[in-house]
Structure formats: structure tokens, C-alpha cells
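Colleague: Could you have a look at this structure, given as C-alpha cells, before my questions?
The values are calculated or read from the model by the stated rules, or taken from the named source; none is laboratory data. This structure is a prediction, so every number in the text was calculated from the model and none was measured. Counting neighbours? That spans all protein chains shown, and the Cβs are built from the backbone with ideal geometry, glycine included.
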């Protein structure tokens, strides 16, 4: 971002792979989901995205197919001239199967809008899946960087470096008065959305979660579900993000989100967990172990119930209430990702209706935890 | 019953044991619960009881403590002069601990009324627990015989023999016009109540159970819960019994109950089970295995939920849907009996409130099925 150039680490991998090759990643979890980051008992992941638009092109939302195609080719060529190219997989939405697009969305690598598969839309993804460049989403370019746990400063450094590399090649629309211009006025300015995924089961159980939402609202922060805008929270996972992009610097936005919201909420959740352990241990153990029992025995299970039960397992692991060595944080994270509809169909190599998915989801889970 | 005398099989055991000795039976199931009887996939047990009153004594419900004490001594002495005496445990309610009385009620050997522990009330129980003589219940004498599965004819022969033995010694109030006179007019005549305990999970799941109730009502049959009058059905167990005791012979009452109600209901339940297997196998397997999962993992469980889940296990075993060798019909029957409040407290040798019981019930179940 209008700063000096920093190079990124190069990878030995090829820069461009075929759509078929990318399927090899789908049976594993993304690196940023490994649960190793700071405060990852409560902060699942950190995410920053930047909205950028290219001078001389109409906004993607106003463009026709041909205009979007033209911009996509231009962006592809520019991106592939940066040092990022050796670490990127490039994919065009209109050339992918619907199931593959859904898998990318389930991995948080593209948005629901991109997953629709419209002409002229694409994505470039770093091999470790921590970075994605969405092309012709609502804005011409949306850069996203993901990290495990609470790592907003590091993530910001990272995305800033990537933004600088792109800006060496691409002329973005930028107003000295307003900052970056975006398709939707809510993004004007920094064009930045910072979000953290929080796991707050104890605040939920103790009936304090509404208070957190109210406080977040007063700070002009949005609380959303696992898949961002327009999705409902499931499994006690809440995405907290800034709504203001104008009038503050990037550093201020991040610092305020962390110190005024994330850190206090983490502390409240920790207190609520301690209180559960102290006052309601038997009821808590019951909930957690019933979740294990249902996951290991159900023959039909929806993705919503799976998320709810895995959330309880995650809590049980964090609070050391589960003695079963088979049930690790990694297993839970894997199951979260791999039991989603598209991943499940990919795994069993067949398209399925919801009823069949529920059956094979239950089988998949039983095969992973016994 | 006013018929020829038939002798009963003698036992080598002592006729009278102390109250403490009877506690040795409490860690086992009763023989009649072993699930070996005819049609026992659906008919859990058969029961006949006779209401009798002794000439020259006021009804128990009208008697004072002294009158009841006097009758109890008289009845005890008469019973102990019959050939039954070698096979009987004799217990006086007022001399038992409340927990012990509750255990007898949980074993269906005494009624809730007797379990209250009033002065002058007693019971004589055969060593295999198939027969109980309640003394100073609503009537002076209530003879009960229990059997596994559908065995009403055999049970009737049995109870008839016992009734004859008692009538050799005791002069009952009997009117040539009305038959046996009883404390409550609903029992006048034969003084007989015939009941079968039915397990009807498939009719319940398929929403047909209300139809069965309506048909039973039209036949003047009562449908009750596990513990008879005034108890709600739990775990899909329904006790079906005659309401009419007057104007029919004992044989007619039994024959009509079996041919007009029990046999058709057994057939409907069987059809409903086959339909479940055919049309809703996955949903059925899911329910059954979730029940296994919850029973083997819960840390807190109520007796009502336990009954519900064990009912599903029972169905799963009958339909051969459970492959786990640990889970037999005997285990299920044992758990039904031994997880009830009084048995549970007896097992853990402590009095407990409902919360503690829920915790130890869950532990007890986990120790029995893994």
C-alpha cells in the first residue's frame, strides 16, 4: 500500500496449475486451520482483505461479460509478472465445475459471489492457501490473507507486502481525499476489512453472548457467521469485523479491533470457561461427552448439527475434558472442513442429495473418530 | 378359586427370611424379566392379580392401624400354613426402610400404596419373584403372578392354584350373585385384573399408537404406563389391562384380551417394524445408534431419558440392527431395573438427590455397556 517494496518468499512450485491438479489439496486442511496460532483456544483465525479497483475499467458490478473477461486477462497477466507468480494457483470460475467452486468457498478461498461461476471471474491462491486474490468479485481485486489464531499485525504486514507488489504493476483508483475507491461505499478509504473468527461456546452457554453482540454493535463492529456477510453463526463460531473503512489508518483499525474488542472478549470467554469448570463441570462434561457419543454413533447427521457438536469437542479439548487420544484439535478442524457438502461429495466421488450427504457425513465422521 | 385343589412345587428354601437377607436379590433382575417368554420381542410380560377380602374383617381402606395389624397377623399365619410357605419371603412394610420399599415397587412386587409403609401392611414374595401376596393393600389380599412374554393361560393356572391354596385356609367374602366382594366396586366379580406389558416403539414412531389406544378404549381396556394405574407410559412401554371384572368368567376375560387386543396389536407392531426396516432403515439406524452413543457417553442422565434410550436399544436388538455383542436383551432389561432411583442408591450404598442420581446412573450405564 503506497509504501516501499518488500519481496515475498519464493516457492519452487510452478506458477500455474491445471484445475485438476488443485483437487489434490482438497483432502487436507488448510495450513491456516491448524490451530497453532496465538490465543487459538479462542481465536480460530485472523483475516484481512483489501478491496481494490483498476483505473480505466468500469466496476465489475457494472461491467458486461466481455469487459470482465478483458479485465481478468489484464489482471492475470499483471499478477503473473509479480514475484508472487511462483507461489500461485490460478483458476477461472467459468471453467470450473460447480462442486469445485463450492469447495473453494468452503475453504474460505473465494466468496459465495465468486462461487456462482460467472464469466470473467477468477482467483489466484497461494500454495499454502493463506492468500487469495479474487478477481472481478464485487471489486476488481480483493486480496485476502488468512492466519491461524490472533495474528492481525503479521497478517497486515503480509497483505501490505502483497498489495505493494501488485501496485507496482497495476494502477488502482485512488483519491487523495477518500483513499481507495470501491464498488460499494462502505469499503471506500482503506478498502480494508479486518476480521477474526472467535469460538465462544462458554459465553453462549452462560447466556452472555448477546451482551458481546451489543457491545460490538456499539463499537460499530459486525458479528457474522462462519462464512461472513449474510451467514448465521453456527457451532458458536462468530466472525467479528470492522465496519468502518474511512477516517482511520489501517493500523488504527487493527489496533482498536484487537484492544477494544478481541482481547476483552477473549478474556470474557476465558472467565466464562473457568466458571463453567468451577460451577457446572458435570453438566459441561455431559454435554461434551454426549457430543462425542453422537458423533461416533449417528448414522445421519446434518452439517449444522456437526458444527454444533464439533464446537463442543473443541471446547472439551481446550478444557482438557476429553481423554480420548483419537480426538485432537487437528481432527476437529479437519472434520469441520471435510464434512461440508462439497468436500464430502468430492471425498466420496459422487454427487449426493442432502439425505445422502447426511448419511455419508456420519460415516466419514465415524471413520475419523472411534 | 372355588375349584379343586392343586399342589404347587415345593422349594427347599427357608420360608421366612429377615429383611436384610432380601437385599441380596436387588443386584439381579427378576426371573420374569429375562425376556425368554413367548412373543417377548413385543410382549414384555404378563400379569394377573386377584383382589380378595376376608369375611368378618372391615375393608383395609376403612380399618384403623390396630384392625390392620390384627388382620395382617391372621393372614400371615394362614398363609404360612399353606404349602406356599417354603417358597416365600415375608416382609412387613412398617419395619422396612423407605428405600427398600421403593426397590420392591421398582421390581413390581408391591404397589405404590404399599410402598408408603403404613402400619399393618405386608407382602409375601416367592423366591423367583414371580408371585407376590400383598396384604392390606386396597383389598385384604392381592395375589399377583408375573411371567415373561405372553403367558396368560399359564399365569392363570398358576394364580388359580395359589388362590385355591389360600382359600383352603381363608374364608373370603363371596356373593353367589356378584362373586368376590372388593373394596372398590370396579373389582367386584372375578376380582381379577389381567394385564400385559407391550413394547410398541414402531407404532409410536409411525404415529399409529393413538389408534391402538382408541381401539383399546372401545374394548373397555385400560392403557397405562410401566407402573400401572396413574403412571404415564415411558420408553414406549404400555400396560394393557381389562377394566371389566363382572359378568364374564376369568377364561373369557383372558381369551378376549388376547384374541381381540394383544394378538392384533402384536401383529400391527410387527408390521410397523417391517415397514420401518423397509422404508426408513437409515433413520431407524440413526435413532438406535444415537441411543447407544448417548448411553455410552452421557455423564448425567434421568431415568426417563434412560427408559427412552433403552427402549430404542431393545428395538435395535429385536431388529438385529445392533452388532455390538455387549448389548444384549438381558443387559437392557438389567439396566431398566437397576438404574431406577432406589436400585441405584442401593447399588452405590448412599442416598442421593436427583442430580447425584443422574450422575451415578450415567456411570452405572457406562460400566455396563461400553
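Colleague: Pull up the range A:333-367, narrow it to residues that are outside any helix (DSSP H, G or I) and within 14 Å of chain B (Cβ to nearest Cβ), then point me to the one that is surrounded by the fewest Cβ atoms within 10 Å (Cβ to Cβ).
Modeller: The qualifying residue surrounded by the fewest Cβ atoms within 10 Å (Cβ to Cβ) is A:353.
Colleague: Can I ask one more? May I ask you to list the residues in the range B:275-305 that are at the interface with another protein chain (Cβ under 7 Å from one of its Cβ atoms), in a helix (DSSP H, G or I) and within 28 Å of the chain's Cα centre (by Cα)?
Modeller: Selection gives B:292, B:294, B:296.
Colleague: Looking only at strands (runs of 3 or more DSSP E) that lie completely in the range A:110-152, which have at least 2 residues being modelled with pLDDT of 95 or more, touching a strand residue (DSSP E or B) at 6+ places or on another chain (Cβ under 7 Å) and over 29 Å from residue A:255 (Cβ atoms)?
Modeller: Result: A:122-126.
Colleague: Additional query: Could you say whether any residue in the range B:325-332 is buried (at least 20 other Cβ atoms within 10 Å of the Cβ) and in a helix (DSSP H, G or I)?
Modeller: Yes: one or more hits.
Colleague: For residue B:318, which of the numbered conditions (1) away from chain A (no Cβ under 14 Å); (2) crowded, with 21+ Cβ neighbours inside 10 Å fails to hold?
Modeller: (2)
Colleague: Let me ask you something else. From the list A:4, A:24, which one is out of contact with any helix residue (DSSP H, G or I) (no Cβ under 9 Å at 6 or more places or on another chain) and modelled with pLDDT under 55?
Modeller: Of A:4, A:24, the one residue that is out of contact with any helix residue (DSSP H, G or I) (no Cβ under 9 Å at 6 or more places or on another chain) and modelled with pLDDT under 55 is A:24.
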